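The values are calculated or read from the model by the stated rules, or taken from the named source; none is laboratory data. As the structure is a prediction and not an experimental result, all values here were calculated from the model. Glycine also receives a Cβ, built like all others from the backbone with ideal geometry; neighbour counts cover every protein chain displayed. Ligands, DNA and RNA are stripped out before the accessible areas are found, and what is left, the full protein with its side chains, is counted by its heavy atoms. Shrake-Rupley method; radii C 1.70, N 1.55, O 1.52, S 1.80 Å.
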Amino acid sequence: MFTNRDGLGAWANCCGPGVFRFSGGFGPKRRIVRKGELKFVLLRLLADEAMHGYELMRRLEEESGGLYTPSPGSVYPTLQLLEDQGYVSSMQEDGKRIYRLTSEGHAFLEEHGSRTRDIFGRFVNIGERFTGAAMREVTRSFIHLAQVSFERATGGHGDPETLARVKAILDRAAREIETAWPEPGSAATREA
């Protein structure tokens, strides 16, 4: 998962697990895994080895650097669809349903190799946004802000008036950061 060496650890460790539910996602289409693409991702992971559903979810979270965690409500219906289409087969082993790629699944995956590479390439590109040189200083500032905020707030130093003041400071900082980077497609972005 995230480590302090890769730069993502600071963000994830300070914010807690599952915090990376970005509003709208990334890029022009603003999603890491777009509608209809989960099947390609699952097939690609099953090409490596047979797995049960929760293993697939965990592997996908690892492959995306923790930036995308599919829900069981999206993974299991997709696996059922892939099984109905003949791209995967499944059987019970040790109380778990294990999914395997079929020869039809291998052929389908090979036929759509460029699309699959594009999806996994998005994981790498998004990770680089967090770990690149430009983000290192922002990450250091974030770490410092998070440490000071949490240490003071949880260390018993905060009476209700002080906590309200700190909350106002953090809210104001968040609003200023939002205006520093306008949403893609907004009037401010088009003028630049």
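General remarks:
- Selection within the stretch 47-66 - open to solvent by 10 Å² or more (accessible area, probe 1.4 Å) and hydrophobic (A, V, I, L, M, F, W, C): Ala47, Ala50, Met57
- Count - residues of the stretch 69-97 that are surrounded by 12 or more Cβ atoms within 10 Å (Cβ to Cβ) and over 13 Å from Leu42 (Cα atoms): 5
- Cβ pairs under 6 Å, 6+ apart, first in the stretch 46-57 and part of a strand (DSSP E or B), second hydroxyl-bearing (Ser, Thr, Tyr) and surrounded by 14 or more Cβ atoms within 10 Å (Cβ to Cβ): none
- Answer residue from the stretch 134-166, given it is of a type in the set (Gly, Ala, Ser) and not in a loop (DSSP other than H, G, I, E, B) and is modelled with the highest pLDDT among those: Ala164
- Residues that are crowded, with 16+ Cβ neighbours inside 10 Å and of a type outside the set (Phe, Trp, Tyr) within the stretch 35-46 comprise Glu37, Leu38, Lys39, Val41, Leu42, Leu43, Arg44, Leu45, Leu46, listed in sequence order.
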